[in-house]
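Heads up, the thing below is written out as structure tokens.
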Amino acid sequence: MSHSVEEFYKKCNVLHEKAIELHRERYKVSGTYDKPKCTFLLDDIKALARQLIHGPVDLEIDFGKE
């Protein structure tokens, strides 16, 4: 299975959105945060990052436009 550049970009975008969600939860204005939710989000972010690092990548992608 190979991944296109667009699929890779979409996974990076999801990673970014989850990181923002984690940041917003951890640094709420109220001063309290949901620690289990933060732990879950962090574990999810780590798993997605591992997918990006170790996932299959099609090295034969043609980056040029014709």
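We did not get these values from a lab; they are worked out from the coordinates using the rules stated. As the structure is a computational prediction, the values presented were derived from the model and not from experiment. When we count neighbours, we look across all protein chains shown, and the Cβ atoms used for this are built from the backbone with ideal geometry, even at glycine.
Numbers below:
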quantity: Förster-model FRET efficiency, 30 Å R0, GLN51 and VAL29, C-beta, rounded to 0.05; calculated: 0.40
quantity: Segment 5-54: C-alpha gyration tensor shape, a/c 1.5 cut-off, then a/b vs b/c; calculated: oblate
quantity: Förster radius 25 Å - calculated FRET efficiency between CYS38 and ASN13, Cβ distance, rounded to 0.05; calculated: 0.75
quantity: Note, ³J(HN,Hα) from phi for segment 12-21, Karplus 6.51, -1.76, 1.60, rounded to Hz, x at Gly and Pro; calculated: 4, 5, 4, 4, 5, 4, 5, 5, 5, 4
